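Before any comments, here is the structure.
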Amino acid sequence: MAEHKAMATPRAHTRWRASAALPVAVLLLGLGLTVAAGLLELEQTEHQAQLDFQRSADRIADDIARRLRQTIYGLRGAAGLYAANGRLDRASFGAYVDSRDLPGDFHGVRGLGFIQRVERSDVDAFVAAARADGAPQFAVRQLQDKSHGDLYVAKYIEPAGNNQGAMGLDVGSEPVRRAAAEQAVRTGEPALSGAVTLVQDARRTPGFLLFVPLFRAGADPGTPAQRRAALVGLLYAPIVAAEMLQGVAQAQAGLVEFELIDAPDPAAGSGVSATVVYDSAEHAPSPAAASSGAAATPGAPAAPHTAARYQVSRPLALPGRGFTLEAHSTPQFEASVPTAAAWAELVLGTLLSALLAAFVRQQQSGRQRAEARARGMTAELARL
């Protein structure tokens with residue numbers, strides 16, 4: 001009997017250890033499966049949110065490109081006027097611009113104009129002809145670079161009220177404007193300038209000039225030299241960036257903010273640094289800003305949005321020039337990401353695992369008590 005009892009005691013300890021380990025194993029297995037399922041759900045949710053955010057950024061890029069294409073169509077309409085009449089004069093050009101709904105059709109466009117390339121030796125004759133064409137006060141004005149042998153002079157710009165100081169301006173006397181004008185002539189395609197401060201913008205905010213080359217009727221120039229020889233002039237539109245991009249971010253229901261950055265190609269060796277042309281956060285409607293009358297400094301570098309959970313930086317090819325679009329999520333977008341279901345799954349799975357482990361432990365305890373009572377009864381019978 002003593003030997004049997006001695007052998008039973010180790011077996012009892014072994015069974016006890018096994019029974020104690022089983023609930024722990026059940027709990028750990030349940031927790032492992034729960035965490036794996038929850039993490040998978042969170043990963044899928046985050047992936048979908050990133051895709052949704054990317055699509056919002058793509059819609060912003062498409063909207064910016066669409067607004068510029070609309071302006072190009074308007075300028076090419078003026079080219080149609082030249083094709084129909086064989087010439088452009090101040091009266092017909094002004095009538096064409098008056099026929100268009102500038103604020104409704106062309107976002108941020110202060111006017112439509114026509115630039116003529118003039119050799120410096122021909123400036124006096126050009127001015128006399130312009131004055132005879134309904135502009136008796138016409139005069140040529142240059143900016144900082146007066147060394148070129150040719151000028152790109154704004155001959156017409158309408159409506160005049162929105163473009164004080166622009167008529168007669170030699171856009172070729174400033175490097176950024178001149179580079180875009182010459183690119184349009186050289187390629188025969190629309191070209192957008194880099195960020196400039198428009199002379200007609202009293203707020204001195206960043207803007208652009210959009211150029212569309214106009215060639216002699218019947219000409220089909222195929223080389224830069226042929227295009228230069230066949231050039232009639234450049235149709236152009238001065239664009240205020242903040243006005244052009246107003247409402248783009250709001251079209252995404254306040255879920256995305258963005259910066260448009262004029263980032264010249266480093267390979268070009270221009271030495272010009274990147275410029276934040278527009279930051280939607282600075283132009284978003286704000287009750288506090290409206291009540292205080294405060295305005296952001298135009299063209300200042302944007303504050304980094306390191307706290308945003310979702311961010312996209314992508315090149316944006318606009319007519320003849322590359323920009324960078326940087327988009328980041330707003331708190332509203334991040335709050336809309338449905339992560340609550342994944343966290344609820346984690347909590348529920350943890351609770352169920354704990355309950356199952358407790359149930360297994362309770363069942364084992366009951367069985368152990370029954371076995372102990374049976375052993376006790378067997379011992380009593382043996383003593384009898």
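The values are calculated or read from the model by the stated rules, or taken from the named source; none is laboratory data. Just so it is clear, the model here is predicted, and its values are computed rather than measured. Cβ atoms come from the backbone with ideal geometry, glycine included; neighbour counts cover every protein chain shown. Protein only, heavy atoms only, side chains kept; ligands, DNA and RNA dropped before computing areas. Shrake-Rupley method; radii C 1.70, N 1.55, O 1.52, S 1.80 Å.
Out of Ser92, Ser99, Ser147, which single residue is free of Cβ contacts under 8 Å to residues at least 24 places away in the same chain and open to solvent by less than 60 Å² (accessible area, probe 1.4 Å)? Going through Ser92, Ser99, Ser147 in turn, just one is free of Cβ contacts under 8 Å to residues at least 24 places away in the same chain and open to solvent by less than 60 Å² (accessible area, probe 1.4 Å): Ser92.
Before we move on, is Ala128 without any contact (Cβ under 8 Å) to a residue 12 or more places away in the chain and either in contact with a Ser or Thr (Cβ under 6 Å, 6 or more places away or on another chain) or surrounded by fewer than 22 Cβ atoms within 10 Å (Cβ to Cβ) (or both)? Spell out how you get there, then give the answer.
Numbers: without any contact (Cβ under 8 Å) to a residue 12 or more places away in the chain: yes; either in contact with a Ser or Thr (Cβ under 6 Å, 6 or more places away or on another chain) or surrounded by fewer than 22 Cβ atoms within 10 Å (Cβ to Cβ) (or both): yes.
Spelling it out, Ala128 is indeed without any contact (Cβ under 8 Å) to a residue 12 or more places away in the chain and either in contact with a Ser or Thr (Cβ under 6 Å, 6 or more places away or on another chain) or surrounded by fewer than 22 Cβ atoms within 10 Å (Cβ to Cβ) (or both).
Quick one: would you say Ala341 is modelled with pLDDT under 90 and open to solvent by 30 Å² or more (accessible area, probe 1.4 Å)? Please lay out each step first, then the result.
Values: modelled with pLDDT under 90: yes; open to solvent by 30 Å² or more (accessible area, probe 1.4 Å): yes.
For Ala341, the condition - modelled with pLDDT under 90 and open to solvent by 30 Å² or more (accessible area, probe 1.4 Å) - is met.
For Phe138, the conditions (1) open to solvent by less than 30 Å² (accessible area, probe 1.4 Å); (2) at pLDDT 95 or above; (3) not basic (Lys, Arg) all hold with the exception of (2). Looking at Pro136 and the list (1) over 22 Å from Ile239 (Cβ atoms); (2) touching a residue at least 40 places away in the same chain (Cβ under 8 Å), which single condition is not satisfied? Tallying (1) over 22 Å from Ile239 (Cβ atoms); (2) touching a residue at least 40 places away in the same chain (Cβ under 8 Å), Pro136 fails exactly one: (2).
Testing Ala191 on (1) surrounded by fewer than 18 Cβ atoms within 10 Å (Cβ to Cβ); (2) of a type in the set (A, V, I, L, M, F, W, C); (3) within 30 Å of Glu257 (Cβ to Cβ), one condition comes back false. Which one is that? It is condition (1) that Ala191 fails. Remark: pairs (first residue in the range 227-250, closer than 21 Å to Thr187 by Cβ; second residue polar (S, T, N, Q) and open to solvent by less than 30 Å² (accessible area, probe 1.4 Å); Cβ separation under 9 Å; 6+ apart in sequence or on different chains) = Ala237/Thr71; Pro238/Asn163; Pro238/Gln200; Ile239/Thr71. For the range 151-188, a tally of residues being charged (D, E, K, R), open to solvent by less than 20 Å² (accessible area, probe 1.4 Å) and either more than 32 Å from the chain's Cα centre (by Cα) or under 21 Å from Val97 (Cα atoms) (or both) returns 1.
I'm checking my understanding of the structure. Among residues of the range 198-235 that are in a helix (DSSP H, G or I) and of a type in the set (A, V, I, L, M), which one is least open to solvent (accessible area, probe 1.4 Å)? Lay out the reasoning, then the answer.
We begin by selecting, within the range 198-235, every residue in a helix (DSSP H, G or I); these are 224-230.
From what is left, the residues that are of a type in the set (A, V, I, L, M) are 225, 229-230.
Details: Ala225: 74, Ala229: 74, Ala230: 5 Å².
Among them, the one singled out is Ala230.
Kindly check whether there is at least one residue in the range 47-58 that is farther than 30 Å from Val277 by Cβ, open to solvent by 30 Å² or more (accessible area, probe 1.4 Å), assigned to a helix (DSSP H, G or I) and modelled with pLDDT of 65 or more. Yes, the range 47-58 has at least one match.
Here is a check on your reading of the model: is Val240 out of contact with any helix residue (DSSP H, G or I) (no Cβ under 9 Å at 6 or more places or on another chain) and open to solvent by less than 10 Å² (accessible area, probe 1.4 Å)? Against the criterion (out of contact with any helix residue (DSSP H, G or I) (no Cβ under 9 Å at 6 or more places or on another chain) and open to solvent by less than 10 Å² (accessible area, probe 1.4 Å)), Val240 qualifies.
Here's the yes/no breakdown for (1) in contact (Cβ under 8 Å) with a residue 60 or more places away in the chain; (2) touching an Asp or Glu at 6+ places or on another chain (Cβ under 7 Å); (3) over 12 Å from Arg321 (Cα atoms):
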{"site": "Gly168", "(1), (2), (3)": "no, no, yes"}
{"site": "Arg178", "(1), (2), (3)": "no, no, yes"}
{"site": "Thr187", "(1), (2), (3)": "yes, no, yes"}
{"site": "Pro190", "(1), (2), (3)": "yes, no, no"}
{"site": "Gln200", "(1), (2), (3)": "yes, no, yes"}
{"site": "Thr205", "(1), (2), (3)": "yes, no, yes"}
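Here the condition is being more than 30 Å from Phe333 (Cβ to Cβ), assigned to a strand (DSSP E or B) and either free of Cβ contacts under 8 Å to residues at least 24 places away in the same chain or open to solvent by less than 40 Å² (accessible area, probe 1.4 Å) (or both); of Gly113, Gly77, it holds for Gly113 alone.
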